[in-house]
Amino acid sequence: MIPRKIIEAIINAAKIAEVVEDYTQLKNRGTNKIGLCPCHNETTPSFSVSPAKGIFKCFGCGKAGDSVKFVMEYKKLSYENALRLLAKKYNINIPEN
């Protein structure tokens, strides 16, 4: 089990736009970013990322959430494994019991 303090550090480090841009290209649209949803096939951008709020929303498939939820959906991972992937990306050490 990952300690709550480490989970908070991972969530704070994992900026939604940085995480999503590892999997799909985003373009600025006002204060948000838009692009093609990496979770399903589409030809018209319906995927929106709000860096200020730290969330994403796809108006095509309905998926939404924070950076951890995005990794869970895209990579088909559990919550803990998504946290581990993000911890590795941001060089956050998770102590093993």
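Within the stretch 65-72, is there a residue that is at pLDDT below 95 and either small (Gly, Ala, Ser) or surrounded by fewer than 16 Cβ atoms within 10 Å (Cβ to Cβ) (or both)?
Here is the first cut: in the stretch 65-72, the residues at pLDDT below 95 are none.
Among the residues of the stretch 65-72, not one is at pLDDT below 95 and either small (Gly, Ala, Ser) or surrounded by fewer than 16 Cβ atoms within 10 Å (Cβ to Cβ) (or both), which makes the answer no.
Would you mind stating whether Asn41 is exposed (fewer than 13 other Cβ atoms within 10 Å of the Cβ), more than 15 Å from the chain's Cα centre (by Cα) and not hydroxyl-bearing (Ser, Thr, Tyr)?
Considered against the rule, which asks whether it is exposed (fewer than 13 other Cβ atoms within 10 Å of the Cβ), more than 15 Å from the chain's Cα centre (by Cα) and not hydroxyl-bearing (Ser, Thr, Tyr), Asn41 comes out as yes.
Only one entry of Lys33, Lys53 meets the criterion of being surrounded by 17 or more Cβ atoms within 10 Å (Cβ to Cβ) and closer than 27 Å to Ala9 by Cβ, and that entry is Lys33.
Using the structure shown, decide if Ala13 is within 12 Å of the chain's Cα centre (by Cα) and touching a residue at least 60 places away in the same chain (Cβ under 8 Å).
Working: within 12 Å of the chain's Cα centre (by Cα): yes; touching a residue at least 60 places away in the same chain (Cβ under 8 Å): yes.
Yes.
Of the residues Met1, Met72, which single one is assigned to a loop (DSSP other than H, G, I, E, B) and under 30 Å from Asn97 (Cα atoms)? That would be Met1, the only listed residue that is assigned to a loop (DSSP other than H, G, I, E, B) and under 30 Å from Asn97 (Cα atoms). The residue list Tyr23, Tyr90 contains one member that is surrounded by 13 or more Cβ atoms within 10 Å (Cβ to Cβ), without any contact (Cβ under 8 Å) to a residue 60 or more places away in the chain, on the phi < 0 side of the Ramachandran plot and not hydrophobic (A, V, I, L, M, F, W, C), which is Tyr23.
The values are calculated or read from the model by the stated rules, or taken from the named source; none is laboratory data. None of these values were measured; they are calculated from a predicted model. So basically every Cβ, Gly included, is an ideal-geometry build from the backbone, and we count neighbours across all protein chains shown.
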